[in-house]
1. Step by step: first the residues of region 54-91, then only those that are farther than 21 Å from residue 113 by Cα and not basic (Lys, Arg), then the one that is farthest from the ligand (Cβ to nearest atom). Which residue is that?
2. Considering region 92-109 alone, what residues qualify as being of a type in the set (S, T, N, Q) and within 14 Å of the ligand (Cβ to nearest atom)?
3. Within region 85-103, is there a residue that is surrounded by 20 or more Cβ atoms within 10 Å (Cβ to Cβ) and within 23 Å of residue 14 (Cβ to Cβ)?
4. Is it the case, given these coordinates, that residue 164 is in contact with a Phe, Trp or Tyr (Cβ under 7 Å, 6 or more places away or on another chain), loosely packed, with under 14 Cβ neighbours inside 10 Å, within 22 Å of residue 38 (Cα to Cα) and among the acidic types (Asp, Glu)?
5. Can you confirm whether residue 141 is open to solvent by less than 20 Å² (accessible area, probe 1.4 Å) and charged (D, E, K, R)?
6. Answer yes or no: is there a residue in region 19-33 that is modelled with pLDDT under 95 and crowded, with 19+ Cβ neighbours inside 10 Å.
7. Restricting attention to region 110-145, report how many residues are within 16 Å of the ligand (Cβ to nearest atom) and either touching a Ser or Thr at 6+ places or on another chain (Cβ under 6 Å) or over 26 Å from residue 5 (Cβ atoms) (or both).
8. Scan region 117-124 and tell me whether some residue there is of a type in the set (Ser, Thr, Tyr) and within 24 Å of residue 10 (Cβ to Cβ).
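The values are calculated or read from the model by the stated rules, or taken from the named source; none is laboratory data. Only a predicted model underlies this, so the values are computations on that prediction, with no experimental measurement involved. Because the Cβ atoms are built from the backbone with ideal geometry, glycine has one as well, and the counts that use them run over all protein chains shown. For accessibility, only protein heavy atoms count, side chains too; no ligands or nucleic acids. Shrake-Rupley method; radii C 1.70, N 1.55, O 1.52, S 1.80 Å.
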Amino acid sequence: MGHPVLRTKAQPIPPSEITSQRIQRLVDDLFETMREYSGIGLAAPQVHEGLRVFVAGLRPPEAAAGELNDDTDMPFITLINPQITPVGDEMISGWEGCLSIPDIRGLVPRASRIQVKAYDRNGRIIELAARGLPARVIQHETDHLDGILFFDRMNSFESLTFSDEYRRYWTEDEDD
Ligand SMILES: [Zn+2]
């Protein structure tokens, strides 16, 4: 937090460039960095690349188009130039953290269900429906592409907590 790229609107990736070595290497780097830091999502601006791409998920294989709704078993996804449409107007508050804001968590309201249209890393157009944790992660990461951090989405800063206190007071035995 503080690097200007995190507050800058990222540029779309021309579809014809998605399969280029540069973009493929960037996607690989994002996955590698996300795993290294035990994150559940990582957007290009977080590694100082102002491009509209992020990776997310907890396990292989990569998800195909369809619905992501399982809170505990989210497959890897790569979304390029994503467009999110909320489904309904239900908002739900949940805990978020961010690799760009280490060791701090807060309660953030998000649309509970979304539709996403994007390119995958092979340059194919995909459509996903998501709810639960995957919907939250996709909204958090898409915000990074618009220079928005999760603090900006909070209704109040009262819930802000350090990771140690989060583990001590706000969760039983949950990992990141
Ligand atoms: Zn983040």
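1. Taking region 54-91 first, the residues farther than 21 Å from residue 113 by Cα are 59-61.
From the residues that got through so far, the ones that are not basic (Lys, Arg) too are 60-61.
Values: 60: 22, 61: 24 Å.
Within region 54-91, the match that is farthest from the ligand (Cβ to nearest atom) is 61.
2. 100
3. No: region 85-103 contains no residue that is surrounded by 20 or more Cβ atoms within 10 Å (Cβ to Cβ) and within 23 Å of residue 14 (Cβ to Cβ).
4. Answer is no for this residue.
5. Values: open to solvent by less than 20 Å² (accessible area, probe 1.4 Å): yes; charged (D, E, K, R): yes.
The answer is yes for residue 141.
6. No, every residue in region 19-33 fails to be modelled with pLDDT under 95 and crowded, with 19+ Cβ neighbours inside 10 Å.
7. So the count comes out to 1.
8. yes
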